[in-house]
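Nothing in this text is a laboratory measurement; each read-out follows from the coordinates by a stated rule. Quantities reported herein were computed from a predicted structural model and do not represent experimental measurements.
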């Protein structure tokens with residue numbers, strides 16, 4: 001399931017990054033704003049969890065999303081985001097013994113709706129959100145509520161948002177050789193996730209902005225994947241991946257944006273991560289937006305991630321039969337990774353494209369953003385991502 005979310009989350013994160021430290025707070029747009037996002041993701045490696053930590057990880061992912069922000073009046077706005085993902089996965093094709101001529105193909109659709117209301121007298125914004133997504137064998141739904149408080153004269157802002165996710169397998173998919181056996185058993189088909197995100201932003205001076213973000217998450221239910229295999233060192237045959245039913249995650253992040261001049265900005269990000277699976281991780285991200293003209297901006301970026309292994313991880317045939325929990329998913333292994341990328345943004349001062357379809361309605365081109373990144377992990381997993389965002393305004 002993680003692989004299906006990679007491109008969409010990466011694309012949305014890149015689109016939102018420029019807005020995260022907006023000291024003016026949450027604003028209700030006067031015009032309808034439309035963003036059309038597309039991305040392509042391609043990866044390959046040789047440590048598939050489907051086949052016990054060995055075998056191809058080849059995957060191609062195509063994602064598209066439409067985000068529409070509609071002002072309802074001077075204090076309320078409605079945001080609707082719908083997306084669809086199509087992917088082919090050679091590793092998922094190994095769930096069965098018979099490998100098809102084409103890789104396994106699946107679709108995923110998602111829909112998110114949020115209502116934002118601004119209390120102008122108190123500089124307080126509330127947000128209520130609902131979301132759902134469905135795969136061929138998996139269903140997820142969420143509900144969230146958040147508050148954002150702004151102190152305009154002090155350049156300070158605090159945001160608190162809580163979310164609840166309910167995930168369930170529509171039907172459980174086991175490795176072919178285990179179906180109908182006593183080994184094809186899991187304790188639940190559901191997973192509950194409780195998340196609380198707290199962010200504090202402040203403007204230090206005209207050039208420097210900072211933020212601190214804490215994002216604790218608690219999960220309960222089926223945290224393993226039913227079709228992930230595990231092979232033991234001293235026992236023949238296939239076993240299912242087994243993980244604890246509870247997991248607590250605690251990320252703590254710090255952001256710093258420095259405007260070096262009219263042409264250059266520096267965006268620095270650091271995150272420390274800890275969870276009850278035994279993983280500790282450090283992530284560094286640096287982005288350097290360079291404004292070549294009022295219309296054109298380029299932003300090279302680099303991300304480094306380093307993590308320790310989960311307590312329950314062992315490579316192929318390294319587990320001992322007495323272990324209570326076992327996984328050979330290299331996402332939970334000790335690793336470090338690098339991501340290099342380049343983005344460009346075209347944002348005209350005057351609209352390059354304007355379409356009128358009624359006496360009072362115009363559609364104006366606002367901006368176009370294109371990103372490319374190359375990802376490499378020490379275990380041999382390599383990937384590329386190409387994403388694009390086109391923004392329009394209807395007024």
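Structure notes:
- C-alpha center-to-center spacing [the range 237-284, the range 379-395] in angstrom: 21 Å
- Annotation: average projected area of the range 121-184 is 6.9 square nanometres, based on the convex hull of Cα atoms across all directions.
- Spherically averaged projected area of the range 2-394 from its Cα convex hull (nm²): 20.8 nm²
- Convex hull volume per residue for the range 82-200, taking Cα atoms only, in Å³: 132 Å³
- MRE, 222 nm, helices only [DSSP H, n ≥ 4, -39500 (n - 2.57), over the chain, to nearest 500]: -1500 deg cm²/dmol
- In percent, rounded to a whole number, the relative contact order of the chain is 14, using alpha-carbon pairs under 8 Å and six or more apart.
- Euclidean distance between Cα centres, the range 75-140 to the range 37-51, Å: 18 Å
- Projected over every direction and averaged, the convex hull enclosing the alpha-carbon atoms of the range 207-356 yields 13.5 nm².
- Angle between the chain longest axis and helix 2-17 axis [Cα atoms, degrees, rounded to 10]: 20 degrees
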